[in-house]
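Undergrad: The structure's right below; bear with me while I get my questions together.
Bear in mind that the values in this text are calculations on the coordinates, not laboratory data. These numbers come from a predicted model, not from an experiment. Note that we place each Cβ from the backbone using ideal geometry, even for glycine, and neighbour counts take in every protein chain shown.
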Amino acid sequence: MAEQISMIGTVILMMVVDFKKMAVEFRKFFELDSTQNFPALNIAEKKLCQADAQFEFNIIADADWYYKDSIQAYYKHRSNCHEIGIKESVYQKARNGDRCALYSIAHEISHWGLINYFKLSTGIPESEQIDPITKAVFIKIHENIADLLTSLLVFSEEELLQAKGAGDLDLSSFMGKDQLSLAHFYCQNHETLKENFMKKLVSHITAQKNNSELQRRIS
């Protein structure tokens, strides 16, 4: 249930938010043009520390890593600390140029950007009283849009559109099947999604206006 609701919420955000424009703006923030690779490690180690006085980049020994093995890095947002933590073995891979490890860091940078730069936190509730399903929905939506933003930062639209194949265009080692499908869907449909949203919005506003006018005349 939470998975289905979160996907609907993600698609609604795709209609409202221009994630392609967001990726371009975020690159400019780091003084990158569209042709440059996204230097995730350099950004995490240096540029975010310069941009955010509350930012921390922490390397955690594998023996002290308390997350499951499938999680290679994390982002934690607190009022006085914005932290990216990374497993030491993954950090060493990133230093050696491993693209999967670098992609994991880029994903956490996207979390930082969504919350701190774009102020788009999807309203993740902090209350402990919230029911688990609702909390899971909010968290999953935020993960979905972080996945989408990361894919647009790291890969070109052409690569994402052609990512269904194998070989050099096989991006499955970077993204799971669902994340890859989401990025592919957005690149194929973002103009249509935005156009349909505007049409529905205009129709809704017009209907409300007409209804208000009718009620005024009846009164």
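Undergrad: Report the calculated FRET efficiency for residue 25 and residue 63 (r = Cβ-Cβ distance, R0 = 45 Å), to the nearest 0.05.
TA: The calculated FRET efficiency here is 0.70.
Undergrad: Now a separate question. Once phi is turned into θ = phi - 60°, what whole-Hz ³J(HN,Hα) does the Karplus curve with 6.51, -1.76 and 1.60 give for every residue of the range 80-88, x standing for Gly and Pro?
TA: Result, rounded to whole Hz: 10, 7, 10, 10, 9, x, 9, 5, 4.
Undergrad: For the residue pair residue 170 and residue 88, what label-to-label distance in nm results when each label sits 7 Å from Cα along the Cα-to-beta-carbon direction?
TA: 3.3
Undergrad: Another question, then. Kindly flag which residue pairs out of 47/93; 21/87; 119/140 have an alpha-carbon separation exceeding 25 Å in this structure.
TA: Among 47/93; 21/87; 119/140, the Cα-Cα distance tops 25 Å for 21/87.
Undergrad: Starting at the first residue of the range 58-70, write each ³J(HN,Hα) from the Karplus equation 6.51 cos²θ - 1.76 cosθ + 1.60 with θ = phi - 60°, in whole Hz, x for Gly and Pro.
TA: Once rounded to whole Hz, the list reads 10, 9, 10, 4, 4, 5, 9, 6, 9, 8, 5, 4, 5.
Undergrad: Does a label point 7 Å from the Cα of residue 35, set along Cα-to-beta-carbon, have any residues of the range 150-164 with amide nitrogen under 19 Å, and which are they?
TA: 153-159
Undergrad: Largest first, please: the extent of the C-alpha atoms of the range 45-116 along each principal axis, to the nearest Å.
TA: Principal-axis extents of the Cα atoms in the range 45-116, largest first: 27, 25, 17 Å.
Undergrad: Amide H of residue 82: which non-local residues (sequence gap of 5 or more, or other chain) have their own amide H closer than 5 Å, using H built in the peptide plane?
TA: Close amide H contacts, sequence-distant or interchain: 55, 56.
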